[in-house]
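Asker: Take a look at the following structure, please.
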Amino acid sequence: MKKIGVFVCWCGLNISSTVDVEKASEELKNYPGVFYADDYKYLCSDPGQELIKKTIVDNKLEGIVVAACSPNMHESTFRAAAEAAGLNPYRVEITNIREQASWVHSNKEDATAKAIQLIKSTVEKVKKSEDLFPQQIPLTKKVLVIGGGISGMTVALEVAEAGYPVILVEKEPQIGGNMAKLSETFPTLDCASCILTPKTAEVGRHSNITLMTNSEVIESTGYFGNFTVKVKRKPTFVDWKKCIGCMLCQEKCPKKTNSDFEHGMGKRKAISVAFPQAIPYRPIISEKECIYFKTGKCKICVKVCPVDCIEFEQEEKIIEENIGAIVVASGYDLLPKEELGEYGQGKYADVIDGMQFERIASASGPTEGVIKRPSDGKIPKSIVFIQCAGSRDNQKGRPYCSKICCMYTAKHAMLYKHQVHDGEATIFYMDIRAGGKGYEEFVQRAIEDDHVLYLRGRVARVYEEDGRLVVLGVDTLSGEQVRIEADLVVLATAVIPSIGAKALGQTLKVGTDTYGFFNEAHPKLKPVESMTKGVFLAGCAQAPRDIPETVSQATGAAAKVITMFSKNHLVSDPQVAKVNEKICVGCLLCKPICPYKAIEPEIVEVRVGCRAEKRQVATINKGLCQGCGACSVACRSGAMNLSGFSNEQILEELKSLCL
Amino acid sequence: MMNMTEKMLEQIRDLFEKKNIKLFIGFEKGFEKFSRIPAFAENYDEAKSMIIDEFETPLLAKYLIRELGEVGAGAVEKSERVGILTRGCDYLSIRRLVVDNIILRENLVIIGIPCNGLIDPKKANKLLGEEAQEITVDEKIVLAKGEIKSREINKEEILLDRCKKCIMSKVEESDILLEENMDDMEVSKDYSAVEEIEKLTTEERYEFWRRQFDRCIRCFACRDACTACNCRKCIFDITEPEMLEKTVATSEQFMFHFIRAFHVAGRCTACGECEKVCPVDIPLGLLNGKFKKDIELLFDVDEAGIPAEIEPLGEFKLDDPVEW
Amino acid sequence: MSVEFKPNIICFACNWCSYTGADMAGTSRMKYPATIRIIRVPCSGRVNPTFVMKAYQKGADGVLIAGCHPGDCHYNSGNYFAKRRFLLATRFMTFLGIDEKRLRMEWISAAEGVKFARVMREFSETISKLGPNLRAREEA
Amino acid sequence: MDKLLRSNVSRLLKKLSEHAEIYAPTMEDGVCVLSKLVNNYDDWTLDYVRTTNSVKDIFFPQNEEIMRYKNANNDLNIEPPKPFKERVAFGVRPCDAAAMLLLDNVFLEGEFYDSYYKERREKGALITIACEKPDQYCFCTSFHSSPGATEGSDIVLYPADDYFLVVAVTDKGKKLIKANAEIFENATEKSGIVENYKSMKTPIGNNCSPGELNEKLKNEFDNPYWKKIARRCLGCGNCTFVCPTCHCFAVCDVARGCDGKRTRTWDSCKFQDFFLMAGDHNPRPTQVERTRQRFMHKLNYFKEKYDKYQCVGCGRCVEKCPVGVHIADVITHMKEEL
């Protein structure tokens, strides 16, 4: 019978308020197999850990049960403490009597009874535990960054500077992401492309960074340190190596079409580059728009091209890369205004969203920076800005705050007032969230210096009446209804995950939350890591945030990658599957179950009685196996088992819970 | 049918002469009048007692596990080949072993024979009321003569249970085919027996199975006759972890029959041997039938009895049904 | 059913989604009856239907299996296999005469602490109404 | 000599049930099983040749609790099983009754006796019904018994048209008749009903009688015949568990947390791990040794120890073995060969 030590944690009042901790440790004292049982105020504190270590050494304990908070919190802490005291860390199990007992039950007697039963069942589990030793796995020191916006580029530059190769995949033909579309940035009003182009240029020419624009990740297999990723490079129909970027083709191309980059505010040619400072500064032919693709005629671009680099029959290419770590920086999109019924559902040309206003206000935009009405191109005399369009709105299923709209709407109003001094800028808001450095001062400047009118209240409806837009809202401070006629209405629509983020999540096997933002490993303590080891998160892919926060998070993610690459090999979790070769008959019912293809048949020599016999058995690639255990259910004779959550352990736990 | 036996003996002599096989497995007369028992011949003259006729025979595939699988490492490398007499249902069991990597197909010489339903002498005796001394079969009518009475019985009535819902009457692929099947056994899928139990209320169902399982004496004949049960060491013989206790209590019986039915779910070839060998006649076919019916219904498998490369529980579809 | 019947319910919670969801329910101090005992498993695909039968045999009155939403599984396909296994196992247990309301499978993600608490309350309520499970249960 | 009207049987069983549990052959889903009658005392049937489970089930049940233990904080207390109740087995066949004598040899003779079996035997009574119509599997006559034999029974009922002729064999039987005298009548006609049951022949007749087989079997240890029949044996426990004379059992502890019970259950020499020893050594690794052991024990070792063959010719193993590996086949073959 194993000598097991049980430690019940008070966790201050968190546990002891509804679980009688003393009674629990008292009752466990004479439970068969338990050699030592005690309770302590804060087990996760240093003195708490010392108590555990000392008890292990003094009594030569063979197993430890810590009844405290969730294993997701301190399992590694207590296992490290045990390891320091010479006990194999996988002989330590955690009973969750805080999040799953004291905090969720009010009746003290029930909660204590349940806690005691849970601890007893964990003691049974520890009795069946074994010594497990981590595996060493080789590591590919190359990172894949998905998304070429400011966060993706920051990660790429940081990791490249640290000397490791980077592959930057961007679905648009050029990098820069949403930031490249902005006019100025708050709170300093310095021009977005001025601070961005040095970064994009550096990324463009950095020797360690391989740029794969106009590409998407379509498949990712393997595990942390050894991913195999397939990237599909969509055809650009122009041979970018030969092209010298003279852009004659773009000039001469007869076909004009809506530019996605301009968000419908401007036009572009069928063959074009999105904006002048684009990196790589190479054109792309839009298959849908180009006349040659539709009718087979035209080919003007081929005629004018001095280096003959137009390739109409260019195919998409699938490139396979061995990757060590993946950083998801897929950025954000704005909630399409068509979804906002009360603001005209995109029917009115002069009701635009924040990004469209950025394009109008941007010097490299369609209006060269002059704020005009998209419908008739006149200078608007009065603009109404509507905050929280689609955000903080439970009916529409987006109760969260998009965080950046308060600041960029104040900036929009300020830019408008700088151009049209006598113009009226009115902002309907609920609460102004200006928490960053210099943010509040920026909003005050908009109110006091630029006389932007802030009306606290929500807008009920926006409709068109003889050529002008009517905005019906309420001013909750004065309690009156408000009716404003405006030439232009700008909606600060909600920030939503970029299109295709959910699909990317399923390809990379990284969970996304109900809104489609990627799930971080821990909201407070692991914001840049995803639940899947080796996959990191940066920027708005994880939640709406502004540029300073994005850059700091991206630098954090890069640091994580660099620390991962600083070691020559990785240490894998030993809680993986294990085959008992004496029992395995080699039927391989387990093989199709394994998502990581970690199970392969093998012919082994096994001694049976007095003769050796050749047998086919299943074998596990310990590096590939992630320990899900689905194969052990397919195994009829129980030959396939999962260390750490073995059949014996789960059965013992189950039996003692049912007593 | 007589010439079938001569044809078979010819083939066997030829196989032994050419040293193609080290062993041939067929049938010979048993202790009682119409019982046919497995026969093993390591040379031609041991095979002389083998016969082929229309009476019920146990499935031979199970013996391949011992003859080829464990001892001869036949699962792993080419070894001396074993000849086996095969009807459609035998072929399904052999395919079960091949798909489960218990034996290698090239270690087998399959001699396919036609079959249009076997007669169960026990059913004939029951209808006759005494032990039949003589049973003669022509086409659809069977004449059974006992010491006192004799009766003409419609062949359908005394067919073996598995023949009534025969999945494969022709041997799909064989090394030697003695004779082509005359006509196919057109048999439609019939889960009426399973549906009957499903119609009962939950209490009635539990009562029904409790009564059946209380009779079970845990002799494991069902496991030992089943080719889908081909583990090297059965989980019921493993004491650590003890999935099944030795005590024969009602809850243990439910555990035993649940685990066995679950282990062959989607892998059972509906050969009915388990039901046939059960000394207390528990309708085990219903248990496997229920799984087979659900698999065909839920995962649109057209015939779950024919072993697939990957068993139904070894794969999934994104649009599997969701409701419970 | 007499008031003081306290059902004994076993919940297999998958470590990445439902167990974290349970923790989320804990951190937001949601309440559910103390009749539920949670066993942590790496994935819902780890739960062997034999464990569920073993639970009934050893005295559980209800079993609940909580896993990630299809498509979100940390191991990519664990919950799909779990779904197939329990689609068959539930029907088979009902066929054997065990009340189908005593086994429930739910997809609960790491962020759905609210749903976790609600499902626990509902399930504990259903099982309390059903009373103790005497079928396929071990004699004392 | 007494007489018992068929119509009075249910009355007799009801009366006996006042202080004893009544076991009688009942039809369950087409299978005749010797099972306990709880309240319906005319649930018994007579159209059966033999019950699937023998009367061994009552005195040496498949599953028996030997003791219980409780281990509350390190002091162990042991509870013996509850005392057994009186039991009356009605509708037993003469071959099963004879089998009980063989079990008595094993469990009661010699220096040590099996207390559980002894108590059950003392508190049990066998009311046998002579066989009217033995079937093709019976060969009790080969073991100098007969469809009308009385060995092992307390009372034997000989069926005649609407009544049974009652023969009390043991004083327990006599006491039982005296205690329920009002149900029995005294029989006038003695027209040799008993004799013709005793002289009735079974279809197999005597050609399965072993005679001096045990001497010959002594040096048949590696006769190729064992390999031949063992090759078709599936290794299930069917024949051993339906056999009324097989008595091997396994004792195991079933723990439930800190308490538990020790149980005794039947075990079969045909199982793979029956002879498995510590250290994974198995003296009988393949089916050949096990099959040989089963028949050598019945026809050789038992005879040498108790001077009786361990078979009563009930025919269950002949009927139930799916592949025809049974004692009738062995005896007939060995008699020819040796």
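Asker: Only residues that are closer than 21 Å to B:I110 by Cα and either part of a loop (DSSP other than H, G, I, E, B) or touching a Ser or Thr at 6+ places or on another chain (Cβ under 7 Å) (or both): list them for the stretch B:134-177, please.
Answerer: Once the filter is applied, which keeps residues that are closer than 21 Å to B:I110 by Cα and either part of a loop (DSSP other than H, G, I, E, B) or touching a Ser or Thr at 6+ places or on another chain (Cβ under 7 Å) (or both), the stretch B:134-177 yields B:C166, B:I167, B:M168, B:S169, B:K170, B:V171, B:E172, B:E173, B:S174, B:D175.
Asker: So is B:I51 within 19 Å of B:L178 (Cβ to Cβ), surrounded by fewer than 20 Cβ atoms within 10 Å (Cβ to Cβ) and either among the β-branched types (V, I, T) or away from chain D (no Cβ under 12 Å) (or both) or not?
Answerer: Against the criterion (within 19 Å of B:L178 (Cβ to Cβ), surrounded by fewer than 20 Cβ atoms within 10 Å (Cβ to Cβ) and either among the β-branched types (V, I, T) or away from chain D (no Cβ under 12 Å) (or both)), B:I51 qualifies.
Asker: Look through D:K320, D:K335 and report the one residue that is touching a helix residue (DSSP H, G or I) at 6+ places or on another chain (Cβ under 9 Å) and under 20 Å from D:D57 (Cβ atoms).
Answerer: D:K320
Asker: Please determine, by comparing only the residues of the stretch A:404-461 that are of a type in the set (V, I, T) and surrounded by fewer than 18 Cβ atoms within 10 Å (Cβ to Cβ), which one is farthest from the chain's Cα centre (by Cα).
Answerer: Checking each candidate, the answer is A:V420.
Asker: Let me ask another. Looking at A:Y408, A:Y400, can you tell me which residue is closer than 14 Å to A:F186 by Cβ and at pLDDT 90 or above? Outline the logic, then answer.
Answerer: Working: A:Y400 fails: closer than 14 Å to A:F186 by Cβ.
After applying the criteria, what remains is A:Y408.
Asker: Going through D:S142, D:S146 one at a time, which residue ends up being farther than 20 Å from D:G91 by Cβ and not aromatic (F, W, Y)?
Answerer: Values: D:S146 fails: farther than 20 Å from D:G91 by Cβ.
Sole residue among the options that is farther than 20 Å from D:G91 by Cβ and not aromatic (F, W, Y): D:S142.
Rundown of residues vs (1) free of Cβ contacts under 8 Å to residues at least 12 places away in the same chain; (2) under 18 Å from A:K127 (Cα atoms), yes/no style:
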position: A:S17; (1), (2): no, no
position: A:N30; (1), (2): yes, yes
position: A:Y36; (1), (2): no, yes
position: A:K53; (1), (2): no, no
position: A:V57; (1), (2): no, no
position: A:L61; (1), (2): no, yes
position: A:A68; (1), (2): no, no
position: A:A82; (1), (2): no, yes
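Asker: Assess whether A:G152 counts as being touching a residue at least 40 places away in the same chain (Cβ under 8 Å), more than 30 Å from A:S17 (Cα to Cα) and more than 14 Å from chain C (Cβ to nearest Cβ). Spell out the reasoning first.
Answerer: Values: touching a residue at least 40 places away in the same chain (Cβ under 8 Å): yes; more than 30 Å from A:S17 (Cα to Cα): yes; more than 14 Å from chain C (Cβ to nearest Cβ): yes.
Considered against the rule, which asks whether it is touching a residue at least 40 places away in the same chain (Cβ under 8 Å), more than 30 Å from A:S17 (Cα to Cα) and more than 14 Å from chain C (Cβ to nearest Cβ), A:G152 comes out as yes.
Asker: Any idea how many residues of the stretch C:28-67 are more than 7 Å from every other protein chain (Cβ to nearest Cβ) and part of a helix (DSSP H, G or I)?
Answerer: 3
Asker: Of all the residues that make up the stretch B:260-289, how many are farther than 23 Å from A:K591 by Cβ, within 11 Å of chain C (Cβ to nearest Cβ) and part of a loop (DSSP other than H, G, I, E, B)?
Answerer: Counting residues in the stretch B:260-289 that are farther than 23 Å from A:K591 by Cβ, within 11 Å of chain C (Cβ to nearest Cβ) and part of a loop (DSSP other than H, G, I, E, B) gives 0.
Asker: Here's a follow-up. Somewhere in the stretch A:260-277, is a residue surrounded by 15 or more Cβ atoms within 10 Å (Cβ to Cβ), without any contact (Cβ under 8 Å) to a residue 60 or more places away in the chain and in a helix (DSSP H, G or I)?
Answerer: No, every residue in the stretch A:260-277 fails to be surrounded by 15 or more Cβ atoms within 10 Å (Cβ to Cβ), without any contact (Cβ under 8 Å) to a residue 60 or more places away in the chain and in a helix (DSSP H, G or I).
Asker: Step by step: first the residues of the stretch A:75-122, then only those that are basic (K, R) and surrounded by 22 or more Cβ atoms within 10 Å (Cβ to Cβ), then the one that is farthest from the other protein chains (Cβ to nearest Cβ). Which residue is that? Give the derivation first.
Answerer: Taking the stretch A:75-122 and keeping what is basic (K, R), we get A:79, A:91, A:98, A:108, A:114, A:120.
Next, from what is left, pick out any that are surrounded by 22 or more Cβ atoms within 10 Å (Cβ to Cβ): A:91, A:98, A:114, A:120.
On the way: A:R91: 17, A:R98: 7, A:K114: 5, A:K120: 8 Å.
So, considering only residues that are basic (K, R) and surrounded by 22 or more Cβ atoms within 10 Å (Cβ to Cβ), the one farthest from the other protein chains (Cβ to nearest Cβ) is A:R91.
Asker: Across the stretch A:172-208, what is the number of residues that are of a type outside the set (S, T, N, Q) and crowded, with 20+ Cβ neighbours inside 10 Å? Even if it seems obvious, please write down each step before you answer.
Answerer: Residues of the stretch A:172-208 of a type outside the set (S, T, N, Q): A:172-173, A:175-177, A:179-182, A:184, A:186-187, A:189-192, A:194-196, A:198-199, A:201-206.
If we keep only those that are crowded, with 20+ Cβ neighbours inside 10 Å as well, we get A:173, A:175-177, A:179-182, A:184, A:186-187, A:192, A:196, A:203.
Within the stretch A:172-208, residues that are of a type outside the set (S, T, N, Q) and crowded, with 20+ Cβ neighbours inside 10 Å number 14.
Asker: Looking at A:V528, A:V551, A:V474, A:V510 in this structure, which one is touching a helix residue (DSSP H, G or I) at 6+ places or on another chain (Cβ under 9 Å), in a strand (DSSP E or B) and either within 14 Å of chain C (Cβ to nearest Cβ) or not acidic (D, E) (or both)?
Answerer: From the options A:V528, A:V551, A:V474, A:V510, the qualifying one is A:V528.
Asker: Further question: Listed residues B:E203, B:E240, B:E180, B:E245; which is within 10 Å of chain C (Cβ to nearest Cβ) and assigned to a loop (DSSP other than H, G, I, E, B)?
Answerer: B:E245
Asker: Six or more apart or on different chains, Cβ atoms under 6 Å: show the pairs whose first residue is in the stretch A:633-659 and under 14 Å from A:C587 (Cβ atoms) and whose second is in a helix (DSSP H, G or I) and hydroxyl-bearing (S, T, Y).
Answerer: Going by the 6 Å Cβ cut-off, the qualifying pairs are A:M640/A:S632.
Asker: Grab the helices (runs of 4 or more DSSP H) fully contained in the stretch D:201-244, keeping just those with 1 or more residues being over 30 Å from D:F60 (Cα atoms) and within 13 Å of chain B (Cβ to nearest Cβ).
Answerer: So the answer is D:224-232.
Asker: So B:D120 passes all but one of these: (1) closer than 21 Å to B:A221 by Cβ; (2) facing another protein chain (nearest Cβ under 10 Å); (3) not hydrophobic (A, V, I, L, M, F, W, C). Which condition number does it fail?
Answerer: With (1) closer than 21 Å to B:A221 by Cβ; (2) facing another protein chain (nearest Cβ under 10 Å); (3) not hydrophobic (A, V, I, L, M, F, W, C) applied to B:D120, the lone miss is (2).
Asker: Please work out if C:F116 is surrounded by 24 or more Cβ atoms within 10 Å (Cβ to Cβ), assigned to a helix (DSSP H, G or I) and either in contact with a strand residue (DSSP E or B) (Cβ under 9 Å, 6 or more places away or on another chain) or on the phi < 0 side of the Ramachandran plot (or both).
Answerer: For C:F116, the condition - surrounded by 24 or more Cβ atoms within 10 Å (Cβ to Cβ), assigned to a helix (DSSP H, G or I) and either in contact with a strand residue (DSSP E or B) (Cβ under 9 Å, 6 or more places away or on another chain) or on the phi < 0 side of the Ramachandran plot (or both) - is met.
Asker: Can you work out which of the residues in the stretch B:290-304 that are more than 10 Å from chain C (Cβ to nearest Cβ) and buried (at least 23 other Cβ atoms within 10 Å of the Cβ) is farthest from B:R210 (Cα to Cα)?
Answerer: Residues of the stretch B:290-304 more than 10 Å from chain C (Cβ to nearest Cβ): B:292, B:296, B:300-304.
Then drop every residue that is not buried (at least 23 other Cβ atoms within 10 Å of the Cβ), which leaves B:292, B:304.
Values: B:K292: 22, B:A304: 28 Å.
Once the filter is applied, the top-ranked residue is B:A304.
Condition check ((1) modelled with pLDDT of 90 or more; (2) part of a strand (DSSP E or B); (3) in the same structural domain as A:P595 (by TED's automatic domain parsing)) across all residues:
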position	(1), (2), (3)
A:G204	yes, no, no
A:T210	yes, yes, no
A:G222	no, yes, no
A:V229	yes, yes, no
A:T236	yes, no, no
A:K242	yes, no, no
A:G245	no, no, no
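Asker: Given the conditions (1) crowded, with 17+ Cβ neighbours inside 10 Å; (2) within 14 Å of chain B (Cβ to nearest Cβ); (3) more than 21 Å from A:K622 (Cβ to Cβ), and given that A:A503 satisfies all but one, which numbered condition is not satisfied?
Answerer: Going through (1) crowded, with 17+ Cβ neighbours inside 10 Å; (2) within 14 Å of chain B (Cβ to nearest Cβ); (3) more than 21 Å from A:K622 (Cβ to Cβ) one by one, A:A503 breaks only (1).
Asker: Find the residue count for the stretch D:245-260, including only residues that are more than 8 Å from chain B (Cβ to nearest Cβ), modelled with pLDDT under 90 and out of contact with any Pro (no Cβ under 8 Å at 6 or more places or on another chain).
Answerer: In the first step, residues of the stretch D:245-260 are kept if they are more than 8 Å from chain B (Cβ to nearest Cβ); the result is D:245-249, D:251, D:253, D:255-260.
Restricting the remaining residues to those that are modelled with pLDDT under 90 gives D:253, D:255-260.
Among the residues that remain, those that are also out of contact with any Pro (no Cβ under 8 Å at 6 or more places or on another chain) are: D:253, D:255-257, D:259-260.
Summing the residues that are more than 8 Å from chain B (Cβ to nearest Cβ), modelled with pLDDT under 90 and out of contact with any Pro (no Cβ under 8 Å at 6 or more places or on another chain) in the stretch D:245-260 gives 6.
Asker: Please work out which residue is nearest to B:A265 (Cα to Cα), limiting yourself to the stretch A:589-607 and to residues that are β-branched (V, I, T) and part of a strand (DSSP E or B).
Answerer: A:I599
Asker: Next question, about the same structure. Got a sec? Which of A:A492, A:A503, A:A521 is modelled with pLDDT of 90 or more and in a strand (DSSP E or B)?
Answerer: A:A492 is the lone residue from the list that is modelled with pLDDT of 90 or more and in a strand (DSSP E or B).
Asker: From D:L13, D:L108, D:L102, D:L37, grab the single residue that is out of contact with any helix residue (DSSP H, G or I) (no Cβ under 7 Å at 6 or more places or on another chain) and more than 23 Å from D:C317 (Cα to Cα).
Answerer: On inspection, the qualifying residue turns out to be D:L13.
Asker: Which ranges mark the helices (runs of 4 or more DSSP H) fully within the stretch D:85-195 that have 2 or more residues being in contact (Cβ under 8 Å) with a residue 24 or more places away in the chain, buried (at least 16 other Cβ atoms within 10 Å of the Cβ) and of a type in the set (A, V, I, L, M)?
Answerer: Where helices (runs of 4 or more DSSP H) fall fully within the stretch D:85-195 and carry at least 2 residues being in contact (Cβ under 8 Å) with a residue 24 or more places away in the chain, buried (at least 16 other Cβ atoms within 10 Å of the Cβ) and of a type in the set (A, V, I, L, M), they are D:94-108, D:171-179.
Asker: Could you tell me whether B:A308 is more than 10 Å from chain C (Cβ to nearest Cβ), in contact (Cβ under 8 Å) with a residue 60 or more places away in the chain and under 26 Å from C:G71 (Cβ atoms)?
Answerer: yes
The values are calculated or read from the model by the stated rules, or taken from the named source; none is laboratory data. Remember, it's a predicted structure, so these values are computed and weren't measured experimentally. Heads up, the Cβs are rebuilt from the backbone with ideal geometry, glycines too, and the neighbour counts pull from every protein chain shown.
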